[in-house]
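Student: First the structure, which I've put down as structure tokens, then a few questions once you've had a look.
Derivation of every value follows stated rules applied to the coordinates shown; laboratory data play no part. Small disclaimer: the values here were computed from a predicted structure and weren't measured. Positions of Cβ are backbone-derived with ideal geometry, glycine not excepted, and every protein chain shown enters the neighbour counts.
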């Protein structure tokens, strides 16, 4: 788990991230605080995101939906992976380690983190398969408080869960 400030600093320590926007993104109500919003606009095409903009890009959901937000978060993770594998990142390692040890919370041991870090270059982009939930994997539910939410549907999620050897 990474807090928002650390997320921004990690992305900035990497020199920002490059993403390709298939369509422009516009959130007219991006939240800045309890009673404050702004218009978030990111144009279509190849875009360079600093830490703050990458966080807004990953968090916004008013531009489309929670499913769109999940897709953007995966895009950020893949862009960060690509950046971490670039030769220039060697200069960012001290800053990244500083942020990681103070702001990233994980139940992984240092040994497990090291093993994952060493494995990262051996996993080619083609070896990573991404899956996202969509509306076919959910059903509508109304909470006691009256909120309308989507809940995972075991039958809808079964095909993806089976890929991981998990039962719904």
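Student: Please report the base-10 log of the normalised intensity I(q)/I(0) for the chain, using a Debye sum with one equal scatterer per alpha carbon and no solvent, at each q in 0.18, 0.19 (1/Å).
Tutor: Computed log10 I(q)/I(0) values: -1.37, -1.41.
Student: While we're here: Kindly provide the helix-only [θ] at 222 nm of the chain, computed as the sum of -39,500 (n - 2.57) over DSSP H runs of four or more divided by all residues, to the nearest 500 deg cm²/dmol?
Tutor: Roughly -12500 deg cm²/dmol at 222 nm, from the helical runs in the chain.
Student: If packing is taken as the average number of other Cβ atoms within 10 Å across a peptide's residues, how do 110-116, 16-22, 56-62 rank, most packed first?
Tutor: 56-62, 16-22, 110-116
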